[in-house]
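Below is one structure, written out as structure tokens; comments come after it.
Read the figures in this text as sums done on the coordinates, not as results from a lab. Quick caveat, the model's predicted, so the values are computed rather than measured. Counting neighbours? That spans all protein chains shown, and the Cβs are built from the backbone with ideal geometry, glycine included.
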Amino acid sequence: MARTTLSKTTLPGGSSSGVGFQEFTWTAADISNFNAFASTGKEVLMIRNVNAASPLVSYTVTLHKVAGRIEVTLAGGEYACTGQIPMAGWKQTSDSNVWVDAPNADIEFAVLVLP
């Protein structure tokens, strides 16, 4: 089964008039098919655990490298953010996407694209 694609939001670049703002949308993790997003090498992944009512409930999120993976564990109400994710080592050869897995829909993702 194909992974569920996460939509991306491009951040505004700086301008002579000052800093721009951009709203973005959080998407709940797909715990059956997992998630992915197209890799351009300019993405940053935001992650949050929306279960603030139960801060002792933690979930581990896995970001897959071509060879290996990294994981972050978030307690209820916590947030995490990656740095810029390069294509080399992260863009999967089977579908050219970056793969991310979470075990519960209390985990939400936002993919931001740097200008």
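Worth a mention:
- Each Lys or Arg adds one and each Asp or Glu subtracts one; over the other residues with Cβ under 15 Å from the Cβ of Gly83, this totals +1.
- Near Leu74: Cβ cut-off under 13 Å, other residues only, Lys/Arg at +1 and Asp/Glu at -1. The net charge is -3.
- Calculated FRET efficiency for the pair Met1/Leu56, C-beta based, R₀ 30 Å, to 0.05: 0.40
- Ratio of the Cα radius of gyration of the stretch 25-113 to 2.2 N^0.38 Å, where N counts its residues: 1.04
- Within the chain: Cβ-based charge dipole about Cα centre, in debye rounded to nearest 20 (Lys, Arg +1; Asp, Glu -1): 320 debye
- Global geometry of the stretch 1-77, whether rounded, prolate or oblate, following the gyration tensor of its Cα atoms and the 1.5 cut on a/c: oblate
- If R0 equals 25 Å, the separation of the Cβ atoms of Arg69 and Trp26 corresponds to a calculated FRET efficiency of about 0.65.
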